[in-house]
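Pasting a structure here, questions to come.
The values are calculated or read from the model by the stated rules, or taken from the named source; none is laboratory data. Just so it is clear, the structure is predicted and the values come from calculations on it, not from any experiment. Glycine gets a Cβ as well: all are built from the backbone with ideal geometry, and neighbour counts include every protein chain shown. The protein model used for the area step is the full one, side chains on, heavy atoms only, and it has no ligands, DNA or RNA in it. Shrake-Rupley method; radii C 1.70, N 1.55, O 1.52, S 1.80 Å.
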Amino acid sequence: MKEASKKTAFGRLFGHWETFLVIIFLAVNLFFIIQTPFYLNQNNLMNSMINFMDKGLMVYGIMMVLILGEIDISIASIITLSGCVAGWACEQGCPLALCIIIALAVGALCGAFNGLLLVKFKELNSTIVTLGSQILFRGLAYMLLGDESLKTYAKQLSGLAWDKIFGLPVILVAFIVLSVIFYYVIHRTCFGRRLYAIGTNKTASYFSGIYTDRIKLLVFTISGLCAAFAGLFLAAKLASVRASIATGFEMEVIAMAILGGASPSGGKGRVGGVILGVFTIGLIRYGTGLINVSAETLKIIIGLLLIIVCAVPNLKQVLDDAKEARRRNTGLL
């Protein structure tokens, strides 16, 4: 009896995705600590946060979209369009506070546009819709600025990139605050429970009285708002806005969310796991930079990591099914 309870406890411990992710996180850090003595340098670590945490600010919007069983690949273009519109407004003489409001409003409107299309045209797939809007939003940014680079707006935001609060970069403090907010919203409110319910079974949720369309529209709006918020920090870091910024960001942000346990099939994902996903991929990027690994090799590493992440739960299901089949066959014999 004791042995069975121990096995059950062991299974509960290692059956959680976050536990497996902690092992990956520790392994990544141990590898780079061995490879280079500069990995644990405090200044290097803080600077690395500035380099990858802008993607972390976008991850919770994508996490909520994934919990619904949807996907949003337009977030990088939303960053671009919101930044370009705000930068253009600044050049026209708008004060910084108004430019920030414009950037956030553009991001929210872009996300609402995606959500509205998916709500009104239910036969459309979120991948196709957000792929189309990805092209649309970046195209609008190019129409507005062309190849021009605007610096006035970004320079006024420079404190977001380089200032510190209690010795921590402002962007890291912003990520911590967002983590607390989204943890409460996703895990401690009725709204969060409805998210998981819709992602698990949309039809049953609808007939249970949950306003599925309203929640989907709100979630995509939040995703766009998170992207625009991250765009403020990206503009500050780059010291300019132009129509080509944030290219390819969407894949890395989605990778962070999926590595953290948010399932594209919906109904799964926890804030704690996503935080680990953000830091795991971010520190892989930081560590590979220290040991001079090429950008192409880094993409291969992240791609392989994602394949492993997606394969592990399926492998576990296959093993469980095989065990159940053997049990039934043994019973028949």
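Between residue 247 and residue 290, what is the label-to-label distance in nm when each label sits 7 Å out along the Cα-to-Cβ direction?
Here the answer is 3.0 nm between the modelled labels.
Follow-up question, since we're still on this one. Given a Förster distance of 51 angstrom, what is the FRET efficiency for residue 96 paired with residue 204, based on the Cβ-Cβ distance and rounded to 0.05?
0.60
Here's a follow-up. Taking the Cα centre of the chain as the origin, how large is its charge dipole in debye, to the nearest 20, when only Lys and Arg (+1) and Asp and Glu (-1) carry charge on their Cβ atoms?
Dipole of the chain, to the nearest 20 debye: 1120 debye.
Moving on to the next point. Does the chain come out rounded, prolate or oblate, given a ≥ b ≥ c as the square roots of the eigenvalues of its C-alpha gyration tensor, rounded meaning a/c under 1.5 and, failing that, prolate meaning a/b above b/c?
It is oblate, given that a/c is not under 1.5 and a/b is not larger than b/c.
Next question. Which loop-located trypsin sites (Lys or Arg not before Pro) does the stretch 78-153 contain, where loop means any DSSP state but H, G, I, E or B and the Cβ has at most 11 other Cβ atoms within 10 Å?
Those satisfying the criteria are 122.
Computing the accessible area with a 1.4 Å probe over protein heavy atoms, can you report the carbon and sulfur percentage for the stretch 245-306?
Carbon and sulfur atoms account for 65 percent of the accessible area of the stretch 245-306.
Would you compute, from DSSP H runs of 4+ residues alone, the mean residue ellipticity of the chain at 222 nm, taking -39500 (n - 2.57) per run and dividing by the full residue count, rounded to the nearest 500?
Calculated at 222 nm, the ellipticity per residue is -26500 deg cm²/dmol.
Moving on to the next point. I need the shape label for the stretch 212-308. Rule: rounded when a/c is under 1.5, else prolate if a/b > b/c, else oblate, with a, b, c from the alpha carbon gyration tensor.
oblate
Using R₀ = 25 Å, calculate the FRET efficiency as 1/(1 + (r/R₀)^6) where r is the Cβ-Cβ separation of residue 188 and residue 144; round to 0.05.
0.05
Can you tell me the length gained on complete extension of the stretch residue 298 to residue 43, counting 0.36 nm per residue apart and subtracting the Cα distance?
Answer, rounded to one decimal: 89.5 nm.
Considering only protein heavy atoms, with the full assembly of protein chains and a 1.4 angstrom probe, order 143, 64 by accessible area, largest first.
So the residues, ranked largest to smallest area, are 143, 64.
Simple spin-label model, 7 Å along Cα-to-Cβ: residue 307 to residue 265 in nm?
Each label point lies 7 Å from its Cα, and together they span 2.0 nm.
Turning to a different aspect of this structure: How large is the Kirkwood hydrodynamic radius of the stretch 193-245, counting all unique pairs of alpha carbons, in Å?
Over the stretch 193-245, the inverse of the mean reciprocal pair distance is 13.3 Å.
Quick one, can you get me the convex hull of the C-alpha atoms of the stretch 61-162 expressed as volume per residue in Å³?
106
Please work out whether the stretch 169-262 counts as rounded, prolate or oblate from its C-alpha gyration tensor, where a ≥ b ≥ c are the square roots of the eigenvalues and a/c under 1.5 means rounded, while otherwise a/b larger than b/c means prolate and anything else oblate?
prolate
Another one. Probe of 1.4 angstrom, ligands and nucleic acids ignored: what's the accessible area per residue over the chain, in square angstrom?
51
Give me the distance in nm between label points sitting 7 Å out from Cα along the Cα-to-Cβ direction at residue 120 and residue 181, one decimal.
2.8
Additional query: Once whole DSSP H runs in the chain are found, which of them have Cα atoms spread over 18 Å or more along the helix axis and a mean Kyte-Doolittle score of at least -1.0?
Length and hydropathy pass: 2-15, 17-35, 42-67, 75-91, 96-120, 126-145, 170-188, 212-238, 271-290, 295-332.
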